[in-house]
Amino acid sequence: MSSFENKKNAKEILKESSNSNANFESNFKGISISQNPNMNPKEEEDDINKSNSDIEVNITTYPLKICFTGNSNVGKTSIIQRFINNKFDEEKITSTISCNFETKKLKVDPYTELNMQIWDTAGQERFRSLTASYLRDSNGIFIVFDLSNKKSFDDLASWFEEIGKAEINQKNCVKILIGNKLDSKEKEVDNDTAKKFAEEKGIKYLPVSAKDGINIVSMFEIMGDACLKVIQKEENDEDNDDNDGNKIIINKEEIKKSQNSENKEEIKEKEKNKINLNNKPLVKQKNKRCC
Ligand code: GTP
């Protein structure tokens, strides 16, 4: 909840109680508000504002490296420009030379934000040999084709090949297939074909339009969300490791085993005692009989 909402609620609570002169205390989402009957309304408001400004929210920022790949002219730069500056250039001015990057923060919730470093790699064939090095250490990769250009779709295999060569965590790096120019009237690739291709690769597919701004924010939100899940899972896995890098679960197994062996010993001991205990009455009975 924003401090603005807190402030508003605190004021409302105080307003409601203003008819009563009795001391008033309320807890609102863990924030305690006390009304002092000796304060005038202005002092009260200053007091609330002061206490609200004291509320600190710890925001965790996750840096993410997100890369774009795909043929020249599919609209990689246009998608990034639409996302960062919310603008679109109808005329292509220049092709990307080797690579550029931009940054943008994306808020996930009041406590979490993503600092996205967005890398726009060149689609031209002459820069192809550099692609794998730009993709290095990416958290996520958008593989873009043009829905109005069949060749850009057919060439996707070679982009997956480049991704395969890159020094990335192949399992954890999030890949999303993007079909740009959804607005185009003359489509050469249909969404079902693209979706099927993505499914075969085990990744998501999203049709977008940089021109009309369709699905542009969503594609970054989906990517951010997926990357964050991977990072948080990795963090959890690290927390479950012991100092020697072993999984605690292995230690738990060990404990289980040792507990079992202790149990076995205990059980053996108990069984022995049981036998002894059983023996005693038996002996007694024997004795009885003998007598
Ligand atoms: P390289 O930098 O050479 O790799 O190209 P790129 O993939 O970055 O393509 P770019 O963003 O430069 O766009 C190429 C052309 O496609 C430009 O003329 C854009 O105006 C146009 N374009 C980009 N996105 C769209 C879109 O969503 N719809 C339509 N109709 N045209 C688009």
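Nothing in this text is a laboratory measurement; each read-out follows from the coordinates by a stated rule. Quick caveat: nothing in here was measured; it's all calculated off a predicted structure. Cβ sites come from the backbone with ideal geometry, for glycine too, and all protein chains shown count toward neighbours.
Sorted by mean Cβ packing within 10 Å, highest first, what order do the peptides 97-106, 139-148, 58-67 take? Write down the numbers at each step before the final one.
Numbers: 97-106: 14.1, 139-148: 24.5, 58-67: 16.1.
For the peptides 97-106, 139-148, 58-67, the packing ranking is 139-148, 58-67, 97-106.
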Go ahead and collect, in residue order, the members of the range 199-237 whose backbone nitrogen is under 14 Å from a label point 7 Å along the Cα-Cβ direction of SER184.
207-212
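If you take every residue apart from PHE220 with its C-beta less than 14 Å away from the C-beta of PHE220, what net charge results, scoring Lys and Arg +1 and Asp and Glu -1?
On the way: positive: LYS65, LYS76, ARG82, LYS104, LYS105, LYS107, LYS204; negative: GLU102, GLU113, ASP120, GLU221, ASP225.
It works out to a net charge of +2.
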Return the equivalent ellipsoid semi-axes of the range 60-231 as a descending list in whole Å, where each equals the square root of 5 times an eigenvalue of the C-alpha gyration tensor.
22, 18, 17
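Based on the mean of other Cβ atoms within 10 Å per residue, sort peptides 116-128, 173-185 so the most packed one is first. Let's see the in-between values first.
Working: 116-128: 18.8, 173-185: 21.2.
In descending order of packing, they fall as 173-185, 116-128.
Find out how many positive minus negative residues lie around LYS150, taking Lys and Arg as positive, Asp and Glu as negative, among other residues whose Cβ is under 12 Å from that of LYS150. If you can, show how the numbers build up before the last one.
Values: positive: LYS151, LYS187; negative: ASP146, ASP154, ASP155, GLU186, GLU188, ASP190.
Taking every other residue near LYS150 into account, the sum is -4.
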